[in-house]
1. Gain in length, ALA138 to ASP428, computed as 0.36 nm per residue apart minus the alpha-carbon separation, to one decimal in nm?
2. So for segment 329-444, averaging the separation of alpha carbon pairs under 8 Å that are six or more residues apart and normalising by length, what relative contact order in percent results?
3. Gap in Å between the Cα centre of segment 246-265 and the Cα centre of segment 47-108?
4. Report, in whole Å, the centroid distance computed from the Cα atoms of segment 173-211 and segment 352-412.
5. Fewest Cβ neighbours within 10 Å first, please rank ARG328, ARG49 accordingly.
6. On a straight-distance basis, which lysines could pair with LYS189 in a cross-link, Cα separation under 27 angstrom, same-chain partners fewer than 8 positions away excluded?
7. Contact order normalised by length for the chain, with contacts defined as Cα pairs under 8 Å and 6 or more residues apart; what percent is it?
8. Of ALA372, SER100, MET65, which is farthest on the positive side of the dipole of the chain, counting Cα position, with +1 on Lys and Arg Cβ, -1 on Asp and Glu Cβ, and the Cα centre as origin?
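No lab work stands behind these numbers, since they all come straight from the coordinates. Values in this document were obtained by computation on a predicted structure and should not be read as measured data. Cβ placement follows ideal geometry from the backbone for every residue including glycine, while neighbour counts extend to all protein chains displayed.
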Amino acid sequence: MSPSRLRFAAFIIIAVGLVTFVALRNRNVQQVTHPVLNQDAELADIRMRFEANQDWINSRSFAVMHVATEPGFSAAKVTIDQLHELEDVDRVTAVIKKKSLPEIRSQVSQLLQNSDPSIRSFGIVWMFVLEGDRSKQATAKLLDDRPEPPGDDLAQVTFSLDRCVAAQALGKMRAKEYAPRLSELLKSKHHHDRIGAINGLQLMGAKEYSKQIAELLHVDDNNSDILMLGIPLIVIETLASWDAADCADQIASALKDEPIFSDEAQAACYALARFNSKSSTKVIAGKLKDRNCGAAAKALALLSSVEYSEEIAQPLTNVERDPASTERDRSIAAEDRSNALIALGILDARDYRSTIAAHLEDSEPSVRAYAAVSLLLLGDKEHSQEIKNAIHAEWDSPMFGFANDPASHFRSKIWLRARYASQSLIADREEQLTQRAVNAWNDLTRAQN
């Protein structure tokens, strides 16, 4: 396999892994099977697990279709094709009622013996859907060490893919007896072992391993451009979900790393805000100079760091358009202004009210609504009509779908989460601020009626 094709395959697999991590974290609910009394109860369990894990199933299916080897795929093609037909819960129900459930389970269990790790991974997910925690022992066997394939090819990249998914499945089963084994995999040289171990321990709620997980924020890997992609982000989100404030220093230290991906920097800022880590404000403030890192400004505001007000407000000054700037430059500058506006609102920086109000007439229409929401957070009454105009301009635009839903609109402006995160690490603060803006909006509209 050529280096470029190998690299593409690696990124496909890792991207699928990151999507899987988010999907599993967002559905972090107990999904184990208890002894069933009859087939109807068992079918209800299967339906529940299928619906709760469709993103996980889809990510494993995607991996099979893109990286499975020809021999492995050929050996399992009949079963894979049948499983791909189970595209919704009603179809799953119909097939189970038509065929023997033990027969279906037997077919799926054979996938765990396949020569290809992506197919074994697919089998693990479906075994979990069909059997719940009764698949624990069969799944745990895939955590065992095995000889590594020779050569620097796709087999090396996908080597521990099934072990990663097995660790995730055991986490969903809350099989904490396997936590010591997962902690060993944190030290593995293989990317998928680490991802699976972090995810599995997080799903188990094994907070006692937070320090070991935090160590993965600083791992020197010979192939860090591919193999370490995404691990710091997963570490930060896991530690934040555990409220592991004793790991704040490690997260703050990671924020100093160069280079650091923007989503990792954003997550680190919000995690430190969640921990109320006042000692980290200087490190966070160091990211204010980075373009496209508005999380730093908002994290400082959440930490009530009024001493950094001037630095937070800096993007709002000297905003005259440079004729030489590109469309991308202007877009990033507008985003920086938007984040600064919201941060000042969160900070309740009343001394900057006139500065904020000036951006109700910003050259970029998108920025004007941020200025309006910032003023709502400040409880401003002086610019009521201008605030209303800026909000309604977006509500009336076909590009937005927020009309008559101020809470969703204001939440999208406050946005205390990394750029592509589906959940906020500080969701409670995000909701409090959203409600503050909604209350101010209601007061404003009542006063004008």
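1. Value of the extension gain: 100.5 nm.
2. Relative CO of segment 329-444 lands at 22 percent.
3. 39 Å
4. Result: 45 Å between the Cα centres.
5. ARG328, ARG49
6. LYS136, LYS141, LYS172, LYS176, LYS207, LYS211, LYS256
7. Result for the chain is 10 percent.
8. SER100
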